[in-house]
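What follows is a set of notes on a single structure, which appears directly below.
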Amino acid sequence: MPRKKTAKVSPRALTSKTATRRKASAKNTIKTKNTRNTKSTPKAQTPAASASEEKRVLAIDIGGTNVKLLLNGQIDSRKFSSSKEMTPSDFVEKVKSITQDWDYNCISIGYPGLTGANGPLSEPGNLGPGWVAFDFQAAFEVPVKIMNDAAMQALGSYEGGRMLFLGFGTGLGSTLICHSTVISLELGNIRWNDTYTSGEMLGRRALKKLGRKKWRKIAWKFINSAIKSFNADYIVVGGGNAKLLGNLPPGVRRGHNQTAYRGGFRLFGVEDMPREKHETLEHDKNWRLL
């Protein structure tokens with residue numbers, strides 16, 4: 001049988017093909033290395049990421065007469081008048097206007113009424129309507145925490161143990177704090193007699209009607225009863241009328257006007273205010289609101 005002829009390949013062709021394969025292999029190797037290096041290189045953290053961890057808390061205390069504000073790190077507080085016509089939208093607008101030069105990234109609000117996990121649970125008696133279900137976080141565009149105004153002042157007054165706070169102002173505010181658990185009370189709803197509640201007997205209207213002497217006598221009767229009822233380690237009295245109670249016995253002290261702000265700061269875990277000489281705070285800073 002005749003043999004098949006084999007095509008001859010020139011040495012130049014073999015050399016050219018080998019060079020082409022080597023170049024292709026080298027390119028693939030470079031691509032692989034570049035891909036690995038890209039995946040393994042960690043992304044650099046931007047300054048904004050670390051700055052976001054620093055809380056700049058705007059604490060707001062809403063009262064029947066004034067709304068008071070303080071930013072942690074600032075010395076002087078600010079305020080504007082409140083009224084029975086002030087709606088939450090009015091409140092937000094005034095807060096933004098008076099704090100234009102303050103740089104804050106979270107807000108705590110002391111609210112004059114019942115509050116829950118999602119904000120106010122009842123409409124305030126001394127302000128306008130619309131507070132329940134209002135979205136404060138969307139309005140301010142920063143995280144917002146809201147608690148009862150007496151509870152916020154109590155939180156700022158707390159030094160550890162079991163503390164009962166009583167606020168003597170427009171009405172009667174009350175809060176119990178036990179080992180970093182904050183319990184808002186409504187002791188003002190307790191009946192004083194067949195006609196009046198404790199809140200009505202100890203509020204601003206009763207003070208004007210009864211006079212200081214009679215009002216003080218009723219207040220001390222209530223305080224002594226509260227000490228026994230709650231087995232408190234100590235009681236803090238606050239509010240505008242606390243100064244009318246006269247000399248305080250051991251185990252009872254007055255809160256100062258900065259404690260509401262301190263409570264607002266503590267709500268976000270910030271300790272940014274000087275303590276009084278007698279204060280020896282012991283708590284775990286993980287506050288539970290009940």
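The values are calculated or read from the model by the stated rules, or taken from the named source; none is laboratory data. Just so we're clear, the structure is a prediction, and the values are computed from it rather than from any experiment. Neighbour counts run over all protein chains shown; Cβ positions are idealised from the backbone, glycine included. Please note that ligands, DNA and RNA were not included when accessible areas were found on the heavy atoms of the full protein model with its side chains. Shrake-Rupley method; radii C 1.70, N 1.55, O 1.52, S 1.80 Å.
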> Let a ≥ b ≥ c be the square roots of the eigenvalues of the Cα gyration tensor of the range 122-208; is it rounded (a/c under 1.5), or, if not, prolate (a/b larger than b/c) or oblate?
Replying inline: oblate
> Whose amide H sits under 5 Å from the amide H of Cys106, counting only residues 5 or more places off or on another chain, with H placed in the peptide plane?
Replying inline: Arg56, Leu58
>> What whole-number distance in Å separates the alpha-carbon centres of the range 158-173 and the range 250-268?
In response: 9 Å
> Between their Cα atoms, which of Lys79/Lys243; Lys68/Lys221; Lys145/Lys208; Lys68/Lys243; Lys209/Lys243; Lys208/Lys243 are more than 26 Å away from each other?
Replying inline: Lys68/Lys221; Lys145/Lys208
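Sorting check: for 95-101, 151-157, 239-245, 169-175, which peptide has the highest mean count of neighbouring beta carbons within 10 Å, and how do the rest follow?
Highest to lowest by the protection proxy: 151-157, 169-175, 239-245, 95-101.
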> Counting pairs of alpha carbon atoms under 8 Å apart in space and at least six apart in sequence, what relative contact order in percent does the range 75-222 give?
Replying inline: 15 percent
> So who's got an amide H within less than 5 Å of the one on Met86, skipping anything under 5 residues away but keeping other chains? H placed 1.01 Å off N, in plane.
Replying inline: Gly128
> Heavy-atom accessible area per residue, the range 192-258, 1.4 Å probe: how many Å²?
Replying inline: 63 Å²
>> Per residue of the range 123-135, what does 6.51 cos²θ - 1.76 cosθ + 1.60 with θ = phi - 60° give for ³J(HN,Hα)? Whole Hz please, x for Gly and Pro, Karplus curve as stated.
In response: 6, x, x, 10, 10, x, x, x, 7, 6, 6, 6, 8
> Tell me, what ³J(HN,Hα) does each residue in the range 109-121 have, in order and in whole Hz, if you take phi through Karplus 6.51 cos²θ - 1.76 cosθ + 1.60 with θ = phi - 60° and put x for Gly and Pro?
Replying inline: 10, x, 9, x, x, 5, 10, x, 5, 9, x, x, 9
> Using heavy-atom solvent-accessible surface (probe 1.4 Å) with all chains present, what is the largest-first order of Phe168, Phe230, Phe80?
Replying inline: Phe230, Phe80, Phe168
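Is the C-alpha gyration tensor of the range 90-163 telling us rounded, prolate or oblate? Criteria: a/c under 1.5 is rounded; beyond that, a/b larger than b/c is prolate, otherwise oblate. If you can, show how the numbers build up before the last one.
Numbers: a/c = 1.95, a/b = 1.27, b/c = 1.53.
Verdict is oblate for the range 90-163.
Where Lys and Arg each count +1 and Asp and Glu each count -1, what net charge lies around Pro143 among other residues with Cβ under 12 Å from its Cβ?
Working: positive: Lys55, Arg56, Lys145; negative: Glu141.
Within the 12 Å Cβ shell, the charges total +2.
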> What shape does the range 178-275 take by its C-alpha gyration tensor, where a ≥ b ≥ c are the square roots of the eigenvalues and a/c under 1.5 counts as rounded, a/b above b/c as prolate, and the rest as oblate?
Replying inline: prolate
